[in-house]
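What follows is a set of notes on a single structure, which appears directly below.
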Amino acid sequence: QDHLLGIEHLHPVEITTILDLAQDYVGLNRSAEKHGRALEGMTQINMFFENSTRTQASFELAGKRLGADVMNMAMAHSSLKKGETLIDTALTLNAMHPDLLVVRHGNSGAVDLLAQKVNCAVLNAGDGKHEHPTQALLDALTIRRAKGRLHRLTVAICGDIAHSRVARSNLILLGKMENRVRLVGPGTLMPKGVEDFGVEVFDDMKAGLEGADVVMMLRLQRERMDGGFVPSEREYFHRFGLDAEKLAYAKPDAIVMHPGPMNRGVEIDGAIADDINRSVIQEQVEMGVAVRMAAMDLLAQNLRRRRERDRLRSI
Ligand code: CP
């Protein structure tokens, strides 16, 4: 692959390759050394047009730990404010010869469009409601480590599915790896036609969580609700918030996940989020660095091979 734009473009073998390399990087990150050389000589530019804590910090750490020169563009202070377009901004940065461009944007498809205009590897750090591929990969690695496998599991993804790129990337990845995916949430927050992805849909936590190996909670993405249906937090927590009573419907050893940012007392009870016997939320954050190291390492290898091929052709 030239870019990492979405899980939809990845073959199960490629997913496994990324996860296997990320597993090696978990060991490196936990060692005193922490640093490798896979991105030495490479320039990585992070362009975040939307807020981020986890994704931006972990991409920055991942690049630095592998030896890249990393620049975080302060998009709020860029010339976009003076009317420059996304594409002109990308072309301007492209002229500075970056090797890796990490992009988060509020519009679905914006990162794909940008990837067509530049001659470096582009990684999608989340585009609108479309995809968040590195989140799904880090979730997959967390599940594989906790459950010992990434197939034939029952995974319940609960909450605001309609506005979630995390849900979309996860359901595609988990389906490709032959898991049973259930989507649980109010009908008003369920995308139309989602059953076409081979998932089961529930509007009741008891039925949706029964026998689940993994319970993945999502926040209400109010910023994408466009003035449509916004449930009251109290009512929402009562019906769909994960507490001890609802978690008891899942398997006794079911793990609890959340991509963050979390709204305690809305989609998840703080006590469940902090329960180290059930919650793997902090491990998800740790896996984020390792997965992003692996994704950039593999893309950099492809980029070097492509450039060498082009150089030989030009002789
Ligand atoms: N999960 C996730 O994308 O978190 P951030 O918005 O903090 O990057």
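The values are calculated or read from the model by the stated rules, or taken from the named source; none is laboratory data. Bear in mind the structure is a predicted one, so any value in this text is a computation, not a measurement. Because the Cβ atoms are built from the backbone with ideal geometry, glycine has one as well, and the counts that use them run over all protein chains shown. The area values use the complete protein model at the heavy-atom level, side chains included, leaving out ligands, DNA and RNA. Shrake-Rupley method; radii C 1.70, N 1.55, O 1.52, S 1.80 Å.
Assorted remarks:
- Listing of strands (runs of 3 or more DSSP E) fully contained in segment 164-256 that carry 2 or more residues being within 26 Å of Ala125 (Cβ to Cβ): 180-184, 214-217
- Some residue of segment 97-105 being more than 20 Å from Gln284 (Cβ to Cβ), within 13 Å of the ligand (Cβ to nearest atom) and in a loop (DSSP other than H, G, I, E, B): no
- For segment 269-285, a tally of residues being surrounded by fewer than 17 Cβ atoms within 10 Å (Cβ to Cβ), assigned to a helix (DSSP H, G or I) and not small (Gly, Ala, Ser) returns 1.
- Residue within segment 56-66 that is hydroxyl-bearing (Ser, Thr, Tyr) and within 15 Å of the ligand (Cβ to nearest atom) present: yes
- Within segment 38-55, the set of residues being over 22 Å from Met287 (Cβ atoms), assigned to a loop (DSSP other than H, G, I, E, B) and at pLDDT 95 or above comprises Glu40, Gly41, Met42.
- Qualifying position, being hydrophobic (A, V, I, L, M, F, W, C) and more than 20 Å from the chain's Cα centre (by Cα), among Leu137, Leu150, Leu209: Leu209
- Any hit, segment 205-220, residues being of a type in the set (A, V, I, L, M), touching a strand residue (DSSP E or B) at 6+ places or on another chain (Cβ under 8 Å), closer than 30 Å to Arg307 by Cα and at pLDDT 95 or above: no
- Selection within segment 244-268 - open to solvent by less than 30 Å² (accessible area, probe 1.4 Å) and in contact with a helix residue (DSSP H, G or I) (Cβ under 8 Å, 6 or more places away or on another chain): Lys246, Leu247, Ala250, Ala254, Ile255, Val256, Met257, His258, Pro259, Gly260, Val266, Glu267
- Members of segment 68-86 found to be within 23 Å of Lys129 (Cβ to Cβ) and open to solvent by less than 40 Å² (accessible area, probe 1.4 Å), listed by number: Met75, Leu86
- Every residue from segment 254-267 that is in contact (Cβ under 8 Å) with a residue 24 or more places away in the chain and more than 14 Å from the ligand (Cβ to nearest atom): Ala254, Ile255, Val256, Gly265, Val266
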